[in-house]
Amino acid sequence: MKKLLPAVLCAALAFGAGAACAQEVTLRVVSAFAENSTYVKRLEAWIARVNAEDKGTLQLNFIGGPKAIPTFEVGNAVKTGVVDMALSTGAFYTNVMPEADALKLTRMFVAEQRRNGAFDYVNKVWNEKGNMQYLARVVENQPFHIYLTRKIDKPELTGLKIRITPVYRDFFSSLGATVMQTAPGEVYTALERGVVDGYGWPIGGIFDLNWQERTKFRVDPGFYDAEVSLIVNRDAWNRLGARQRDFLLTQSRLLENRNEYWKVYAQQETERQAKAGIQVIKLDSAQAKQYVDQAYETGWAGIIKVSPVHGPKMRQLFTKK
């Protein structure tokens, strides 16, 4: 009988005080990005801090990157509960909901999205269509660029084969490119064999994948802003006690609040690319404005076409007045 007392006491406390004795829960975490990427290194450091601070209540178990769950299957794995949580960009799970690709088009930082209702609206859509909780955006200040193996003298890609993810499909197609979608792990070989003449990627990260070895040019200016976020299976989220959810929200916000890091990282990666011999194709001011405007117009047109209900509302919330 004495052995039953703690359990009985805990049950009584939980009933009367909101799960004060909640049992430890472990969430299985994966990444859509390779384990050696800067994104994942920061994720693993964050997981270590979370686990150290909340032993006995909530633990995060990092399973791995694309070797565990292929990049373009991560979203469905979270939706269906194969895993509980993931680090991914929305462009990698448009097969779950097309609205995920709109996150690249935000023209304000996540702190402002939280203030103006955009973040809450994203969660509404993610809850309903993806069975997901959109926890935090942990990468910002990372504009996308076109990287090439051959030089162009104007913002046109006619005759070039360009590797894409959904991020770039509409924009690069509007520039005349022949587009080919592949996972990041396949890009180096495609460049090496001449299967593609270039690719889209943020300012940071090409050295993680050794793409600088096959890259000769970068087109400036950049466009959009790379979005990488933490998403949680909605059922797993709802199974957490109030204290566990609050703790996870607090810790994810702490990571999000460190997004200023990415501005410094962008500058470092720009300098690193120059040292590696990557030449800049800099568009003149008139070309640059037309190029960036075209990126956003084609991006939003694509989103609204596949999501006529949510697309216009997301555009309104994601655009500074």
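The values are calculated or read from the model by the stated rules, or taken from the named source; none is laboratory data. Fair warning: this is a prediction, and the values are worked out from it, not measured in the lab. When we count neighbours, we look across all protein chains shown, and the Cβ atoms used for this are built from the backbone with ideal geometry, even at glycine. To get the accessible areas, we keep the full protein, side chains included, count just its heavy atoms, and leave off ligands, DNA and RNA. Shrake-Rupley method; radii C 1.70, N 1.55, O 1.52, S 1.80 Å.
A quick yes/no check of all residues on (1) closer than 19 Å to Asn141 by Cα; (2) in contact with a strand residue (DSSP E or B) (Cβ under 9 Å, 6 or more places away or on another chain); (3) among the small types (Gly, Ala, Ser):
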| site | (1), (2), (3) |
| --- | --- |
| Tyr265 | yes, no, no |
| Glu269 | yes, yes, no |
| Ala295 | yes, yes, yes |
| Ile303 | no, no, no |
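Quick one: would you say Ser285 is in contact with a Lys or Arg (Cβ under 7 Å, 6 or more places away or on another chain) and of a type in the set (Gly, Ala, Ser)? So Ser285 fails the test. Listed by position, the strands (runs of 3 or more DSSP E) inside segment 118-226 whose residues that are open to solvent by less than 40 Å² (accessible area, probe 1.4 Å) and without any contact (Cβ under 8 Å) to a residue 60 or more places away in the chain number at least 3 are 161-164, 198-202. Do we have any residue at all in segment 27-44 that's in a loop (DSSP other than H, G, I, E, B), under 20 Å from Asn131 (Cα atoms) and small (Gly, Ala, Ser)? Within segment 27-44 (the criterion being in a loop (DSSP other than H, G, I, E, B), under 20 Å from Asn131 (Cα atoms) and small (Gly, Ala, Ser)), the answer is yes, since at least one residue qualifies. Screening Met108 against (1) over 30 Å from Glu213 (Cα atoms); (2) among the aliphatic types (A, V, I, L, M); (3) not in a loop (DSSP other than H, G, I, E, B) leaves a single unmet condition, (3). Close Cβ contacts (under 8 Å, 6 or more residues apart or on different chains) running from residues in segment 37-49 that are open to solvent by 10 Å² or more (accessible area, probe 1.4 Å) to residues that are aliphatic (A, V, I, L, M) and assigned to a helix (DSSP H, G or I) comprise Arg42/Leu255. Filtered by the rule that a residue be out of contact with any strand residue (DSSP E or B) (no Cβ under 6 Å at 6 or more places or on another chain) and under 20 Å from Thr26 (Cα atoms), segment 77-97 gives Ala77, Lys79, Thr80, Val82, Ser88.
Assess whether Tyr291 counts as being in a helix (DSSP H, G or I), hydroxyl-bearing (Ser, Thr, Tyr) and over 21 Å from the mean Cα position of the chain (by Cα). Reasoning before the result, please.
Working: in a helix (DSSP H, G or I): yes; hydroxyl-bearing (Ser, Thr, Tyr): yes; over 21 Å from the mean Cα position of the chain (by Cα): yes.
For Tyr291, the condition - in a helix (DSSP H, G or I), hydroxyl-bearing (Ser, Thr, Tyr) and over 21 Å from the mean Cα position of the chain (by Cα) - is met.
Across segment 74-103, the number of residues qualifying as touching a Pro at 6+ places or on another chain (Cβ under 9 Å) and either of a type in the set (D, E, K, R) or assigned to a strand (DSSP E or B) (or both) comes to 1.
Criterion first (under 29 Å from Asn76 (Cβ atoms), touching a residue at least 40 places away in the same chain (Cβ under 8 Å) and in a helix (DSSP H, G or I)) does Tyr296 satisfy it?
Details: under 29 Å from Asn76 (Cβ atoms): yes; touching a residue at least 40 places away in the same chain (Cβ under 8 Å): yes; in a helix (DSSP H, G or I): yes.
Yes, satisfied.
In segment 296-313, the residue that is least open to solvent (accessible area, probe 1.4 Å) out of those that are touching a Phe, Trp or Tyr at 6+ places or on another chain (Cβ under 7 Å) and either of a type in the set (A, V, I, L, M) or more than 13 Å from Val125 (Cβ to Cβ) (or both) is Gly299.
The set of residues in segment 51-68 that are assigned to a helix (DSSP H, G or I) and either crowded, with 21+ Cβ neighbours inside 10 Å or among the acidic types (Asp, Glu) (or both) contains only Glu53.
State whether the residues of segment 254-275 include one that is assigned to a loop (DSSP other than H, G, I, E, B) and at pLDDT below 95. Full working, then the answer.
Keep residues of segment 254-275 that are assigned to a loop (DSSP other than H, G, I, E, B), which gives 257-260.
From what is left, the residues that are at pLDDT below 95 are none.
Scanning segment 254-275, I find no residue that is assigned to a loop (DSSP other than H, G, I, E, B) and at pLDDT below 95, so the answer is no.
In segment 240-251, is there at least one residue being modelled with pLDDT of 95 or more and part of a strand (DSSP E or B)? No: segment 240-251 contains no residue that is modelled with pLDDT of 95 or more and part of a strand (DSSP E or B).
Of everything in segment 227-239, what is part of a helix (DSSP H, G or I) and either in contact with a helix residue (DSSP H, G or I) (Cβ under 7 Å, 6 or more places away or on another chain) or open to solvent by 10 Å² or more (accessible area, probe 1.4 Å) (or both)? Give them in sequence order.
Narrowing segment 227-239 to residues part of a helix (DSSP H, G or I): 234-239.
Hits for segment 227-239 are Arg234, Asp235, Trp237, Asn238, Arg239.
Here Lys2 qualifies as modelled with pLDDT under 50 and either open to solvent by 70 Å² or more (accessible area, probe 1.4 Å) or closer than 18 Å to Tyr265 by Cα (or both).
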